[in-house]
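Please read the structure below before turning to the comments.
The values are calculated or read from the model by the stated rules, or taken from the named source; none is laboratory data. It should be emphasised that the depicted structure is a prediction, and the values quoted were computed from it without experimental measurement. Backbone-built Cβ (ideal geometry, glycine too); neighbour counts: all protein chains shown. For accessibility, only protein heavy atoms count, side chains too; no ligands or nucleic acids. Shrake-Rupley method; radii C 1.70, N 1.55, O 1.52, S 1.80 Å.
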Amino acid sequence: MGNFFPRWTNWLPLQIAIAVVMIGAGTTVGLTYYFTPKYTKVGYEPTQPVPFSHKIHVGEVGLDCRICHSFVEVSAHANVPTNQTCYNCHGPDRGQIKKDSEKLAMVREAEKTGVTIQWTKVHKAPDYVYFNHSAHVNRGVSCQSCHGQVNEMEVVRHAEPQSMSWCLDCHRAPEKKLRPLEQITNLTYKPGDLDRTAFYAKLGFKGAQLEESVARATKQYGVNVTQEEVGLQIKDHWRIAPSESCTTCHR
Ligand code: HEC
Ligand code: HEC
Ligand code: HEC
Ligand code: HEC
Ligand code: HEC
């Protein structure tokens, strides 16, 4: 079966639909909330040209995400690393880790030929959606909230739906997810592991005010720091207010 219509006709109705809905919608997010199915992409797990494992490199070796995804804090788009990054550890004339491994043949080859390894994309927002990594990871949203437990994945897969309703769920209640900036790439983070005094000090509390805040929080939340506490404090102190307006994500 061929296509009955040229490619552009697939694309046009959606843009018109978005334009029409946006003109008419005003603030009726409620309606469009149900447009996008919630769980369509979860589980999508393509085969990659090199059997690269996050479970080994993050979970076992303990590498930070930003060694490889170096633009994630400074740019709208995250990047995958160049072959140079891999070769520094795996090259026979460099780090020599598993230097003879069959699985790394393509990495050695790419170093010689300069041909880049074509990783298959796992996550891709539609073209009509604006997304920005740095706007999230510099405001207390962890990779984990959107990509799941990557440190345990042999092969990266879609762990979250990344649908419109999913984006909006967090934009409406970010306090459920916010964490201190130094914990953004720590995928084994638990709020209970935080030192309460250090947490409040980082938020800017000092002296008697710091002691009071810590005492009050201990009374309210118990000995261990909780997500509710961390989320609400960060939201309040950094004035975090994710937008729900259509033009934030559809420009
Ligand atoms: C040693 C380098 C390295 C480190 C460290 C690393 N990654 Fe990756 N990452 C890669 C490579 C290479 C790919 C592309 C191949 C793949 O999908 O497995 C990738 C792919 C991904 C993808 C899928 C990208 C897409 O196509 O949608 C996500 C999400 C991701 N990494 C998140 C993380 C997170 C979160 C961390 C830290 C907890 C991390 N990575 C640490 C090298 C790395
Ligand atoms: C900081 C050093 C470091 C970097 C950077 C790094 N790796 Fe690794 N890699 C390791 C270590 C350590 C192991 C585990 C070796 C072992 O099991 O003894 C490993 C294992 C592997 C293996 C399994 C090899 C085998 O035979 O079992 C593959 C494949 C691999 N890495 C690919 C990559 C790719 C692709 C990149 C770049 C995206 C990369 N690595 C970047 C350190 C690194
Ligand atoms: C608020 C949700 C969110 C957070 C937080 C987030 N990501 Fe993403 N990530 C996405 C979305 C959505 C895409 C698809 C973006 C696109 O197609 O433009 C994506 C794509 C990626 C890609 C693929 C980039 C490419 O062009 O192939 C990588 C790699 C990645 N993310 C890594 C990370 C890392 C590492 C972190 C944490 C430091 C992180 N992400 C935090 C939602 C998020
Ligand atoms: C886990 C929580 C969470 C999820 C999921 C999430 N966001 Fe956000 N988003 C935030 C927070 C927090 C901010 C920062 C708000 C602030 O700075 O006041 C933000 C800000 C933004 C901004 C504003 C960036 C700018 O340039 O000002 C855009 C655009 C955006 N998000 C798009 C998306 C899209 C698209 C998705 C889904 C693919 C998404 N977000 C999913 C929490 C989230
Ligand atoms: C926080 C970001 C965000 C906001 C705010 C947002 N959207 Fe979306 N929207 C998305 C994402 C992400 C998708 C793509 C979902 C997917 O790929 O499943 C989408 C998809 C759509 C679609 C296509 C529906 C479909 O079936 O694929 C329409 C229409 C739409 N949005 C209209 C709106 C309107 C109208 C508003 C304002 C009331 C709005 N959006 C606000 C993120 C957002």
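Let me spell it out: the conditions are (1) open to solvent by less than 40 Å² (accessible area, probe 1.4 Å); (2) of a type in the set (Val, Ile, Thr); (3) within 14 Å of ligand 4 (Cβ to nearest atom); (4) over 13 Å from the mean Cα position of the chain (by Cα), and THR247 meets all of them except one. Which number is the exception?
Only one criterion is unmet by THR247, namely (1).
Looking at the stretch 224-251, which of its residues are assigned to a helix (DSSP H, G or I), within 20 Å of GLN183 (Cα to Cα) and either among the β-branched types (Val, Ile, Thr) or within 16 Å of ligand 1 (Cβ to nearest atom) (or both)?
VAL230, ILE234 - these are the residues of the stretch 224-251 that are assigned to a helix (DSSP H, G or I), within 20 Å of GLN183 (Cα to Cα) and either among the β-branched types (Val, Ile, Thr) or within 16 Å of ligand 1 (Cβ to nearest atom) (or both).
Quick check: is even one residue across the stretch 141-148 under 24 Å from LYS190 (Cβ atoms) and hydroxyl-bearing (Ser, Thr, Tyr)?
yes
For the stretch 93-115, check the following and say yes or no: at least one residue is crowded, with 16+ Cβ neighbours inside 10 Å and within 14 Å of ligand 3 (Cβ to nearest atom).
No: zero hits.
Please state which one of TYR221, TYR200 is farther than 25 Å from VAL150 by Cα, open to solvent by less than 50 Å² (accessible area, probe 1.4 Å) and hydroxyl-bearing (Ser, Thr, Tyr).
After applying the criteria, what remains is TYR200.
What residue, of GLY114, GLY91, is more than 30 Å from THR248 (Cα to Cα), at pLDDT below 95 and more than 9 Å from ligand 2 (Cβ to nearest atom)?
None of the other options fit; the residue is GLY114.
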